[in-house]
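In what follows, a single structure is set out as structure tokens and then discussed.
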Amino acid sequence: MFPSLARRSPNLSFQTTGGYDKHVLPGLRIVNAEEGKVRAEFKVEKHHLNRLESVHGGLLATVVDIGGSLALASKGLFATGVSTDINISYISGAKEGQMVTVDAICDKLGKTLAFTSVEISSEGKLVAQGRHTKFVAKAYQHPENEI
């Protein structure tokens, strides 16, 4: 596990400070992390569903946002910048009770922008793919960064 994740799990900063991430995905847990890559998982709960009882697309977009940020945290950033662009392709669904796996990768961490990709799967099927771009220039100034 990358040192910053081993000493201070992103779950602590992303979920213990409250706010949207903690409210929507309190069960998200990191399974594995190394520099530039994070695998996490969560169980689909009733409040994650749309009216057709499949995982809601808005939740999956949130997962792309959080996954991309976790991938940046695995590079040593405590402050992971602000989103400038998120896109997602929905491929299949997931139902209540299913485990969802999130594989997030930092494709490039530059001076100004960072680019990440996130794959979301369940029961061996690809559920969604996303890309997340973040403005990171100011994030480099955070005193708790490890880069």
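The values are calculated or read from the model by the stated rules, or taken from the named source; none is laboratory data. Predicted model only: the values in this text are computed from it and were never measured. So basically every Cβ, Gly included, is an ideal-geometry build from the backbone, and we count neighbours across all protein chains shown.
Checked against (1) surrounded by fewer than 18 Cβ atoms within 10 Å (Cβ to Cβ); (2) under 21 Å from residue 51 (Cα atoms), residue 113 passes all but a single condition, namely (2).
Looking across segment 43-80, the residues that are outside any helix (DSSP H, G or I), touching a helix residue (DSSP H, G or I) at 6+ places or on another chain (Cβ under 8 Å) and either more than 20 Å from residue 136 (Cα to Cα) or free of Cβ contacts under 8 Å to residues at least 24 places away in the same chain (or both) come down to 50, 55, 56. When segment 116-134 is filtered for residues that are farther than 21 Å from residue 97 by Cβ, surrounded by 18 or more Cβ atoms within 10 Å (Cβ to Cβ) and among the hydroxyl-bearing types (Ser, Thr, Tyr), the ones remaining, listed by number, are 116, 133. Of all the residues in segment 16-42, those that are free of Cβ contacts under 8 Å to residues at least 40 places away in the same chain and in a helix (DSSP H, G or I) number 4.
Exactly one residue out of 133, 80, 84 is at pLDDT below 95 and polar (S, T, N, Q): that is 80. For residues that are out of contact with any His (no Cβ under 9 Å at 6 or more places or on another chain) and in contact (Cβ under 8 Å) with a residue 40 or more places away in the chain, scanning just segment 110-129, find the one that is nearest to residue 45 (Cα to Cα). By that ranking, first place goes to 122. Checking the structure you have, find out if any residue of segment 89-108 is among the hydrophobic types (A, V, I, L, M, F, W, C), over 22 Å from residue 34 (Cβ atoms) and at pLDDT 95 or above. Within segment 89-108, one or more residues are among the hydrophobic types (A, V, I, L, M, F, W, C), over 22 Å from residue 34 (Cβ atoms) and at pLDDT 95 or above.
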